[in-house]
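Just below is one structure, and these are the notes that go with it.
Read the figures in this text as sums done on the coordinates, not as results from a lab. If you're wondering where the values come from, they're calculated on a predicted model, not measured in any experiment. For neighbour counting, all protein chains shown are included, and Cβ atoms are generated from backbone atoms with ideal geometry for every residue, glycine included.
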Amino acid sequence: MEYLSNGILELEVSLRGAELQSLRRVACPTEYLWQGDPAYWDRRSPILFPNVGKVWQDTIRVRDEVYTLHQHGFLRDMLFHKTADEDRHLAFVCDSDEQSRQLYPFDFRVQIDYRLLRNVLTVEWTVENTGDLPMPFQIGAHPGFNHIHFHPDAPIHGFLSADADSPWLSSRCDGGFVHPASATPEGSLLSFPIDIPRDGLLPLTNDTFACDTILEMTERMHRITLHDADGRPRVTVRHQMPITAIWSPCGGRAPFVCIEPWEGCCDPEGYTGQLRDRHYSHILSPHDMWHTSYDIIIE
């Protein structure tokens, strides 16, 4: 476990998956990050790569070959090595290997940087194509954030607010796949509206996630705040990615909620096309690099 602090925030990162394991204020013992109880969800903040969400029948097609690839990819289970440990900065790198090429036939290097500035944690991703063929990929974040004083029978566990106008539009997911009509960047014929009260706060109840996931694919949502049950802001996720997923297991009857910026999305139902043609995929040229980041703000 690697540790980083700037005197205001402190965090821990595992070498497995370069996954954030803890995020706290130095002056307060409150843990903001979900701690991975397998009764609900055994992860904390995995990095999703080379695919976000499920691929149809756990199968991808690259040219004339077929490979098995499971939900959210495999990077979250690979070992990274630390390449930087500086004041307010940690960096980790992972390279493709023989085992990864059995699932995804490309050579890559992924670097994850964690930087602290006052009350903001910036998470940076750099993807490099180290091979000689164009490389399709997706990448996404999946951090879970704790509710304060959670009780499963409470009528409201907290609230969400965002910079998207009401109503929010969520694409429909069935079994982890979007309906084909809602899987295009242009919009969603099978989206459903989520009306936001006039105060801008969406109550989080035991029924909020009966839809499984709020999947905002309209590129309107870039700042999402989790509030406690009294309406006080606790954590904000800020990003510039096209998709935001918001999820909590058990229909919302869980002690945490995940706010997930995605550069990618699950397959449409029945998709059997090439990996390179999946919606929201990036195609990285040989020996080229791609970069993005998002912020977690402790309010």
Practice problem: With a/c under 1.5 counting as rounded, go ahead and sort region 114-154 into rounded, prolate or oblate using the C-alpha gyration tensor (a ≥ b ≥ c being the square roots of the eigenvalues; past the cut-off, prolate if a/b is larger than b/c, else oblate). | Solution: oblate
Quiz item: Using a Förster distance of 45 Å, how high is the FRET efficiency between ASP174 and HIS89, based on the Cβ-Cβ distance and rounded to 0.05?
Solution: 0.60
Quiz prompt | Helix-only mean residue ellipticity at 222 nm for the chain, each DSSP H run of n ≥ 4 adding -39500 (n - 2.57), per residue, nearest 500 | solution = -500 deg cm²/dmol
Exercise. Note down the net charge around ILE298, summing +1 for each Lys or Arg and -1 for each Asp or Glu among other residues with Cβ under 10 Å from its Cβ.
Key: +3
Quiz item: For labels at SER285 and ILE156 in the simple 7 Å Cα→Cβ model, what's the distance in nm?
Solution: 5.2
Quiz prompt | Length-normalised contact order for the chain - Cα pairs under 8 Å, 6+ apart - percent | solution = 21
Self-check item: Candidates GLN111, GLN99, GLN57, ranked by Gaussian network fluctuation over the chain, Cα under 10 Å, top entry
Solution: GLN99
Exercise. Please find, in a Gaussian network model of the chain (springs between Cα atoms separated by less than 10 Å), the residue of HIS282, HIS142, HIS72 whose mean-square fluctuation is greatest.
Key: HIS282
Quiz item: Residues with beta-carbon under 11 Å from that of TYR271, excluding TYR271: net charge, scoring Lys, Arg +1 and Asp, Glu -1?
Solution: 0
Practice problem: If a/c stays under 1.5 just call it rounded; otherwise compare a/b with b/c (prolate if a/b is bigger, oblate if not). Do that for region 216-263, with a ≥ b ≥ c from the square roots of the Cα gyration tensor eigenvalues. | Solution: oblate
Quiz item: If you take all C-alpha pairs in region 2-298, what percent of them are over 29 Å apart?
Solution: 33
Self-check item: Listed residues ARG198, ARG172, ARG223, most fluctuating in the chain (Gaussian network, C-alpha, under 10 Å)
Solution: ARG198
Quiz prompt | Formal net charge of residues neighbouring ARG253 (Cβ-Cβ distance under 10 Å; K, R +1; D, E -1) | solution = -2
Exercise. Let me know the shape class of region 34-165, please: from the alpha-carbon gyration tensor, a ≥ b ≥ c as square roots of the eigenvalues, rounded when a/c is under 1.5, otherwise prolate if a/b is greater than b/c, or oblate.
Key: oblate
Practice problem: Could you work out how far the C-alpha centroid of region 26-42 sits from that of region 92-120, in angstrom? | Solution: 24
Quiz item: Which one of ILE224, LEU90, SER293 is farthest out on the positive end of the charge dipole of region 2-298, using unit charges on Cβ (Lys, Arg +1; Asp, Glu -1) and the Cα centre as origin?
Solution: ILE224
Quiz item: How much length, in nm to one decimal, is gained on full extension between PHE192 and ASP207, taken as 0.36 nm per residue of separation minus their Cα-Cα distance?
Solution: 3.9 nm
Quiz item: the chain: longest stretch without exposed chymotrypsin sites (Phe, Trp or Tyr not before Pro) (DSSP loop, at most 15 other Cβ within 10 Å), sites themselves excluded?
Solution: 151-299
Quiz item: If R0 is 22 Å, what FRET efficiency do you get for VAL120 and HIS81 from their C-beta distance, rounded to 0.05?
Solution: 0.30
